[in-house]
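Engineer: Take this structure first; my questions come after.
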Amino acid sequence: MPDRVRVFAPATASNLGPGFDVLGLALERPGDVVEAEACDRPGVEIVEVTGADSLNTNPRENVVGIAAAAALERLPADGRGVRLWLHKQMPLGSGLGSSAASSVGGAVAVNALFGGALSSDDLVACALRGEAAASGTAHADNVAPSVLGGIVLIRSSDPLDLIRLPVPDTLRVVLVHPHARVLTAEARRRVAERSFSIGQAVANLGNVAALVTALHRGDLAMLGRSIQDALVEPIRAPLVPAFAEVKRAALDAGALGCSISGSGPSVLAFAGSDAAADAVAEAMQAAFTAAGLGSDRYVGPVNRAGAGVVGAKPIPTDRLGALDRALESNRPTSGADS
Ligand code: HSE
């Protein structure tokens, strides 16, 4: 068994339009890096958090510690414990599944240190403990794709029933993160306190079913017209600066579909080629700029590998570009169960 491991856990986009809490996908980047070391003292210690000044190192409060402790409970650690280093590589409150990535990183790292016996469902369950602490509910649409990779349907969170969906080869994801912050717990409260009509529910049922069918058929046009959300997007759109303009810009530039990523403020769009995705990202960023907001873009295919151990080569964490280069030579050696 290794004494020290380094894990990459990808960011995720959830909901995918109509699938509130039931659909999510993994991104190639960004993602969090968790380093873990076995030690003789039982329990979990967080040695350092880099990249996020507001996060503390109390293992009962930081999601990486909560998820790591959940994994440690389920593994034959023989009274040993773990020391963790969390390198945040994405903004908090961004709609990119930041708390999920840290949680997954903690669970996957501990599993890798202590024999790797946990299944991907076990890892999702452990990471859900962290996610629940961060957002108030154990919704799996970020942690499941971060563990498994690909596009995941959460048929049920309790008991867990996760379904991996096919990913069309040419599908490209465009994520644009405006420099603003939305607290997931607050965004969820806004949804929870509303009631919905049967007509709204029917609209989303049709779109989720069509979206899943489109992925199975590789029908990108059907996928695009399924990215419609009658339930949550109208409630949360006011939380995303210039959302209407950014969505219009994405669709005018050729996006297949566009909606809020998770609880926002990042905006998700789909495209059918690299060139189309770049054009869509350009247009979305221009719309944010016109509204006076800086933004970052993440464009690429769906990450099919999910979280995993990356090579022994130290990963510089000072700059995202440096991290990307290091990860190129440190791709996860296996998927969720590594
Ligand atoms: N499905 C969740 C929500 C994702 O929309 O609140 C939060 O990241």
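Engineer: Return the residue satisfying two criteria in turn: it lies in the range 1-39 and is open to solvent by less than 10 Å² (accessible area, probe 1.4 Å) and out of contact with any strand residue (DSSP E or B) (no Cβ under 7 Å at 6 or more places or on another chain), and of such residues it is nearest to the ligand (Cβ to nearest atom).
Structural biologist: GLY19
Engineer: Continuing with this model, one more query. Testing ALA52 on (1) modelled with pLDDT of 95 or more; (2) open to solvent by less than 50 Å² (accessible area, probe 1.4 Å), one condition comes back false. Which one is that?
Structural biologist: (1)
Engineer: Considering only the range 128-147, I want to know if a residue exists there that is touching a helix residue (DSSP H, G or I) at 6+ places or on another chain (Cβ under 8 Å), part of a helix (DSSP H, G or I), surrounded by fewer than 17 Cβ atoms within 10 Å (Cβ to Cβ) and touching a residue at least 24 places away in the same chain (Cβ under 8 Å).
Structural biologist: no
Engineer: Just one of (1) more than 16 Å from LEU148 (Cβ to Cβ); (2) small (Gly, Ala, Ser); (3) surrounded by fewer than 24 Cβ atoms within 10 Å (Cβ to Cβ) trips up SER119, so point out which.
Structural biologist: (1)
Engineer: If you don't mind, another one. Considering only the range 173-211, state which residues are open to solvent by 40 Å² or more (accessible area, probe 1.4 Å) and touching a strand residue (DSSP E or B) at 6+ places or on another chain (Cβ under 7 Å).
Structural biologist: Matches in the range 173-211: HIS179 only.
Engineer: Name the single residue that is farthest from the ligand (Cβ to nearest atom) among those in the range 227-241 being buried (at least 18 other Cβ atoms within 10 Å of the Cβ) and among the β-branched types (Val, Ile, Thr).
Structural biologist: Per the stated criteria, the residue is ILE227.
Engineer: If you go through the range 157-172, how many residues are within 30 Å of ALA286 (Cβ to Cβ), of a type in the set (Val, Ile, Thr) and either in a strand (DSSP E or B) or open to solvent by 40 Å² or more (accessible area, probe 1.4 Å) (or both)?
Structural biologist: Number of matching residues: 1.
Engineer: May I ask you to list the residues in the range 64-108 that are among the hydrophobic types (A, V, I, L, M, F, W, C), in a loop (DSSP other than H, G, I, E, B) and crowded, with 24+ Cβ neighbours inside 10 Å?
Structural biologist: Correct list: MET90, LEU96.
The values are calculated or read from the model by the stated rules, or taken from the named source; none is laboratory data. These numbers come from a predicted model, not from an experiment. Virtual Cβ from ideal backbone geometry, glycine too; neighbours counted across all protein chains shown. Accessible surface is based on the protein model in full, side chains and every heavy atom, while ligands, DNA and RNA are left aside. Shrake-Rupley method; radii C 1.70, N 1.55, O 1.52, S 1.80 Å.
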